[in-house]
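Peer 1: The structure's right below; bear with me while I get my questions together.
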Amino acid sequence: MRGRLLDGRYELLAPIGAGGMGEVWRARDTRLGREVAVKLLVPGPAASEDERRELLARFRQEARAAASLDSPYIVAVHDHGEDDGIPYLVMALVQGRSLDQVLRESVRVPVADALRWAADVCRALEVAHAAGIVHRDIKPGNVMVAPDGTAKVVDFGIATFVERAAGDTRLTRTGQLPFGSVPYLAPERFRQEPGDARTDLYALGCVLYELLVGRPPFTGSAAGVMHNHINDAPLRPSAARPEVPRPLAHLILDLLAKDPADRPPDAATTLARLETSTSALPTLPQLQKDDTPPTIQDEVTKHCSTTTTATTAATSKAKATTAVSVSPAPARRARRRLLLPAALLLALGIPAGLGIRALATPDPSPGEATLEIGVAHSYRHVGEPSADGGAPDTYAKSEYRQFTTQQLRTVESAFAETLGDKHDGSRFRFVPVTANPDVSSRELLAEHPDMLAVIGDTVDFSWVHDTDEAFLPEISTCHEYAHAGGAFAIPADDARQGEAIARYLHSQTDARRVLVAEDKLWVNREDGIGTALRRNGVSVEALDVTPDKVKTSQIPSLVAEAGADAVVVPTGTPVDVWADRLRSGGFEGPVIGQGDQEGTCADSEDRSAEEKRDRALPDGVIRVRNYAAEPDDNLPARGNEELYDGALALAKALTALPEDDTAPTSLRHTLDRELQQVSVNGVQAEVSFEKRRSARQRPVWFDRRDEDHWTEIGKVSKKYTNSHPHDGPAT
C-alpha cells in the first residue's frame, strides 16, 4: 500500500493508524505539494452491485456534506473519491493528540482543560447540527487537541456511511450491538432508534465524564455497559472528584439523561452552560511556530542506546530526567499543560503509536531546591544486552521507551492535579529508574541523594533499609504486596482478593466450601486468602504440601476429600493443569484462578507467555484480576490507573512535609509516616493504606474464560456487581 497513488494524485507515504472504519495514512497531495491525511474506508459486503452503487453514492453525498462544514473546531475535509472500489477521504493532517491518547497518558485531566475541550466540541456540533449532520460516534478517539490547545472533531458524516456499509440489519439482528463505541452510545441507540442531535450530546457527556473522572460513566463488558446505559444512573462526577463544580456535575448528568427530552435541547444551550463554568478560567496561550521543545522520548531513546547492562541502567537514569515545576499561578500552569502534549502527527482521531513529544520545564533557578521522585520500571523491560555485550535489541528499546514515556506523564499529571495550586514554589524532578535486585537503595541514593521516594514497578527492588541513609519509601503500583519496610502497594492484595472471592461465591454461586490449591502455611497466614475467605463466611481447606508436590492424578481426589464445591488456584500454581484435570474428571463447581500478580505491568513478552498459558484453559474458568484495564488490554493501558492513584497518594503526602526541613534523609522518614495516613479520591476508589501498607478497599474484577478469550463478568467494590445483569447465578 505504501507508495500507492490514489486517483493519480494522493501518494500514500506512511500509515498513521487503523480502526474499525478503515486505515489512515499520511499522504502527499502531488498536485498542491502538501501533506494530508487520507482515510481509506472499507465498505462491507453488499447484497448486489446496485446496492453497492447506492452505498457509494451515499458516501459521496455525506462526504460533500462533511466538506461543507466550515469551523476551526472541525478537521477540514479537502476531497473524497474512490480508487479501485475503495472510498477515501482526504483531510487536513492534524498536529496534536487525540483525547484517547491524552487519557491513556494522563488518566484524567485538569477541570479547566476538560471544560475548554468540551466547549470546542460543542462549537463543532453546533455547526454540524445546523447543517443537518449528526456525528453519531463522538468519542475521545475522534477529538484531536491541536498544539494551540483547540479541540477539533473528526469523522463527521462517516459514522452513518460505515453503519450502512456494515448492513442495516446489524441494528435489528438479535444479540447485535448498534454501530459505534459502546461506552459512549446513548440509550436510544441500544433501543434501535436512529437518534438525533441529542445523541451526540449524550456522547459528549460521556467524554466529559471520562476526562474529569478518569473512566467512562459505565465500564465492563459490552453487554453490561449496554444495560447500564439503558437502566442505571452513573456515579456523580463530583463524588469521584470533589473539585468538579456542582453546576458542571449537574450539566453532565443532564447530558446523560436516559430520555433525550431530558437532555439540553441543543449544542448551543450546552455551550452556554459550559461557558458559564469557564468564564473565569485563563485563556490558553498559543504555541508559537518557533517553539521547538525537547522531548522526553528523545532523552529516553538517547539514554537507552548507551545502556549495556541492567545494573548500569539502574544507576545512570539521572541522565534521562524530566523536570516538573508545580506552580500556583493558573495562567502559567495552563501553558505548561498545553505544551506537554505537543506535535505527534495523528489524523482522524486514531492513535499512531508513534513517539510522544513533551516539554520539560526549565531547570530550577539558582538556589531553588530540586527534590527527585523515582519512576520505576523493571530491569526486565530494559532487556538483556546483545551477545557481543552491546545495547539491548530493538524490542527492548521499544518497550523501554513506551514504559518510561508513559509512566513519567502519568505521574506528572497526578502531581499537577494534586499540587498545582497547593504547593507554592516546590519543584520536583521525575527520574526514570530501573528496579534491579542487584542495585541497593543505598547505591540508588548515592546516585540520587535528593530522591524522596520511588513509584511504579518496584517489584524487583530487593532493598534492606538497614540505616537511615538507606531508607527510601516506595509505592508499588504493579504488585499487591508491600514487601519491605517503607513499601506501599496499590493493587488489591490476597486478603482483599479473598474477600472479593467470598462475595462472588455468595452472590453468584451455591458454593460455600473451597479448596485453595496452596499449602496451609501460606493460605492460613494472617493476610492470606484462606483467612479472608473464612472471615467472609466460606469454609476453607488447603493442601498439606506445596503444590509442586501434587501429582496431576491426585487433583480430583484431593478436591473430593476436602468436600469442596469450588476450587481457588493461587498465583504460581498452574491453573491450566488444575482446571483441565478437574473438568475432565467431572467437577462442575467454580474454578477460580488468581491472575498474574505482576500482570498490571506486564510487557509484551510477558503478555505473550500469559496468553500461551491461557490458551490451555477450559471454558468457564474464572479469573480474579486486581488491576483496572480491560481483560485484553495491553500496553499502554495496563497499570496506568493504578500508577495514577499511587501518584495522587504520594503527591498528597508531599503536601504535609514541613517547609523548614530540607534534609532529604529526614524528609523521607516524614513522607513514610504521612503515606500511612494519606487518603485521596482515586480513579477507581479511595486510596488509603492498612497497617500492612496495602491499599484498603481496592476494586477486584472477575473475568470468565469463554471461546479463547477473557470476558469481564463482574467487579467487587463494596459488593459484587454483575457485568452481565441478565445472567443468572452460576453453579
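Peer 1: Quick one: net charge of residue 685's neighbours, Cβ under 12 Å, K/R +1, D/E -1?
Peer 2: Taking every Cβ under 12 Å from that of residue 685, the sum is +2.
Peer 1: Go through 258/718; 691/718; 139/715; 549/691; 652/718; 652/691 and tell me which ones have a Cα-Cα distance over 28 Å in this structure.
Peer 2: 549/691
Peer 1: How much net charge surrounds residue 543 when only other residues with a Cβ under 14 Å from its Cβ are counted (Lys, Arg +1; Asp, Glu -1)?
Peer 2: Counting the neighbours of residue 543, the net charge comes to -3.
Peer 1: How charged is the neighbourhood of residue 616? Take every other residue with its Cβ under 11 Å from the Cβ of residue 616, and add Lys/Arg as +1 and Asp/Glu as -1.
Peer 2: -1
Peer 1: For labels at residue 35 and residue 588 in the simple 7 Å Cα→Cβ model, what's the distance in nm?
Peer 2: Between residue 35 and residue 588, the label points sit 6.3 nm apart.
Peer 1: Classify segment 546-611 as rounded, prolate or oblate, taking a ≥ b ≥ c as the square roots of the eigenvalues of its Cα gyration tensor: rounded when a/c is under 1.5, otherwise prolate if a/b is larger than b/c and oblate if not.
Peer 2: prolate
Peer 1: Sorted from largest to smallest, which semi-axis lengths in Å does the alpha carbon gyration tensor of segment 443-599 give for its equivalent ellipsoid, taking the root of 5 times each eigenvalue?
Peer 2: For segment 443-599, the ellipsoid semi-axes come out as 37, 16, 13 Å.
Peer 1: Taking H as built 1.01 Å from N, whose amide H comes closer than 5 Å to the amide H of residue 374, not counting residues under 5 places away?
Peer 2: Sorted by chain and number, the residues that satisfy this are 431, 452, 453, 454, 455.
Peer 1: Divide, for segment 521-562, the radius of gyration over alpha carbons by 2.2 N^0.38 Å, where N is the residue count.
Peer 2: Relative to the rule-of-thumb radius for its length, segment 521-562 sits at 1.27.
Just so you know, all these numbers are worked out from the coordinates, no wet-lab data involved. Just so it is clear, the model here is predicted, and its values are computed rather than measured. No Cβ is skipped: glycine too gets one built from the backbone with ideal geometry, and neighbour counts run over all protein chains shown.
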